[in-house]
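Data first, discussion second: the structure below is written as structure tokens.
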Amino acid sequence: MQRSLKKIAFISIGLIFLLTAFFLSKWYLSTAKNLNSVYLIPKDAIYFLASDQPVKNWKKVRDSELWQHLQTNAYFADLSSNVNAFDSILQENTKLFELLGSKKLIISTHPISKYKYDYLFIVDLKKTSKLLQFRTLATRFLSDNYKLSQRKYNGVEILELFDKKTRETLYLAVIDNNLIASYSHTLVETSIDQLAAPVIGRDLKFLEIHQQVKENKLFQMYIQYDYVDDFAYILSKYNDSWLTDISNTLRYSGFDLDLIAGNKIIAKGYTISTDSLNPYLEALSNSGVGKHTIATVAPHRTSMYFSFGFADFSRFYENYTEIQKQHPQQFKSLQSSQKRIENLLDIDVQKNFINWMSDEIALLKLEPINQVEKDNFALVIKANDIALATKNLNYVVKQVKKKTPVKFNEINFKGYPIKFMSIKGFFKMFLGGYFRKLETPYYTILEDYVIFSNHPNTLKYIITSFIEKNTLKEASNYKKFVTNFDAKSNLFIYINTPMIYDALLDKVGGVAKKDLLNNKVYFTSFSQLGLQIAPEDLMLKSKIVIQYKDQESLRFSDEFKSPTVAVDTEVTPAENPIVIQQVDEMQTLTINPKDLNAKSYTKKFPNGKVQVTVPLKDGKKNGMYKEYYKSGILRLKGRFKNDKKTGTWKKYDIHGKLLVKKRYSS
């Protein structure tokens, strides 16, 4: 990013020099055509930005709280010197920048290899009546720091501006009324080639999007999804199937970008799909919109809330099934899987699930519970009749116990039952590939919401947050942020950046990971990200919001504090001689079994020796509990019955000497 932004400052100087020192006479004395700048964008553009007032709009960005924050970062120190130089030039040469400031600027991003990307700059020069002043002011930029050369490519002159200090070359050319520039000669050459057969500028789907973007804010941004997965790989060296789905499903997005109060970016626009829309998204866009209310039960430190909304789920599922029929093999597989599960368990998917599902389902990614369970997520389904949902889910659980070897009795956690529904692959078959991670789920019910997770500890965490009213709905920052969006839509995504930071580190690699590690403070300052999509005519109305907060504000908000993973520690009486409050001297370690059907739980030290072992029954401690020091010497032993201490318990010091005995009634 640093190198890219430095280039923009250098490009600004290069553009000015070029306009006066090389092409001015050729361009100005000729009869220039009015060529649409978009025709010169190479067809592999990942995204591009456009502005009719680039200098004026840059001033607004430069003076914002958000940009001031970036300037304080050591990572941007070198960039800041270029920005200051740019501002000095701006102040000393007002008339010159008035000319450039009224010209349309496009900056497009392109892959130039499997591992690199670069930028192309296009300026619509048009005509000007201030030639004399412009020529006089621009000559001031000539210096011995640059070496100039020129060559021709397909009849177009290319100026090569070599910076002796940075050892980089800026390539520039003029095509009719447009100036093009890049640090990659292949991009300039590809842009010249594009003139003969423009792709993006004549793509009907792009033109539809372009007509919808109002172009009355700071910048316009266009995304071409064909290359999004390639760009993600360049950044992270990581491929994800959902990005491939997006590339295959969506065609373009166009947004009008604005900066609000110096600390919030709002992008409003539209998205258009390919002709072969993903069946799931096609069904979603034809099923009406739904409210996003699962924040009622989502913990306030949820790192991602990924919500699907529809008028009602039965309408969505009917549309999804009809669309699947257009793909015979896929439909046959779907029907076969559904029939197999229904026959095995003697259940009816329509009756036992679809009939009670309402207008929203969502995936929640939560903060890590412990060192092991870091990939912590849940599926939440809103019910239109929670009594009907409870009745049918109880029936399904009963059938699972009856028809399979699974034997699991529900456990009660703080007044809420946690049950087990072992139907492997059910949610992938039922709800699509986006839910494939949910394999053998536990579930609980809170108000009108059924919550599923692979881990019972996730459900315990959600229940505790709900009881304590620590939910997104009650979180002040979320409540304020969500007012930027409509109450209903097809898709709503909310990301808490400080909370998702560690998960991102596990996903990315290469330069992207290094940048995240070195710049955590500055990355997490963009604390809230939101995306909303809803159908409008034959397009998808889209909105993106990015909120900046200074670190002082984040530090005092529990919503944004970095996740703290609980770690069991070993403390002896000698190490902790001061007792502040009355505690159970036979206190045991907190255990978090991932499988409530497990017969026992064992945890080991990093050296491989056992730290604790205890039998389990339905996820509860039930039998002889033994806890050890790292040396292997017994520290604590006693018996549990239904998760409660019973009988005589004994505690030993690090040498194995008995310290205390205590008897508990069963």
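The values are calculated or read from the model by the stated rules, or taken from the named source; none is laboratory data. Being a predicted model, the structure only gives us computed values, none of them experimental. Note that each Cβ is placed from the backbone with ideal geometry, even for glycine, and that neighbours are counted across all protein chains shown. These area figures cover heavy atoms from the full protein model, side chains too; ligands, DNA and RNA do not enter into them. Shrake-Rupley method; radii C 1.70, N 1.55, O 1.52, S 1.80 Å.
If the requirement is being surrounded by fewer than 17 Cβ atoms within 10 Å (Cβ to Cβ) and either out of contact with any Ser or Thr (no Cβ under 7 Å at 6 or more places or on another chain) or assigned to a loop (DSSP other than H, G, I, E, B) (or both), which of these qualifies: LYS473, LYS480, LYS460?
It is LYS480.
How many residues, within region 578-593, are open to solvent by 100 Å² or more (accessible area, probe 1.4 Å) and at pLDDT below 70?
5
What are the pairs, 6+ residues apart or on separate chains, where a residue within region 382-393 that is without any contact (Cβ under 8 Å) to a residue 40 or more places away in the chain has its Cβ under 7 Å from a residue that is open to solvent by less than 70 Å² (accessible area, probe 1.4 Å)?
ASP385/TRP356; LEU388/TRP356
Restricting the first residue to region 467-481 and requiring it to be farther than 10 Å from GLU559 by Cβ, which pairs with a second residue that is assigned to a loop (DSSP other than H, G, I, E, B) and small (Gly, Ala, Ser) meet a Cβ separation below 8 Å and a spacing of at least six or different chains?
These pairs meet every condition: THR471/ALA298; LYS473/ALA298.
Look at LYS437 and say whether it is modelled with pLDDT of 95 or more and within 25 Å of the chain's Cα centre (by Cα).
no
Counting only residues that are more than 24 Å from VAL213 (Cα to Cα) and of a type in the set (S, T, N, Q), which one in region 284-293 is surrounded by the most Cβ atoms within 10 Å (Cβ to Cβ)?
SER287
Name the residues in region 247-283 that are acidic (Asp, Glu), closer than 17 Å to ILE546 by Cα and open to solvent by 20 Å² or more (accessible area, probe 1.4 Å), would you?
Once the filter is applied, which keeps residues that are acidic (Asp, Glu), closer than 17 Å to ILE546 by Cα and open to solvent by 20 Å² or more (accessible area, probe 1.4 Å), region 247-283 yields only ASP258.
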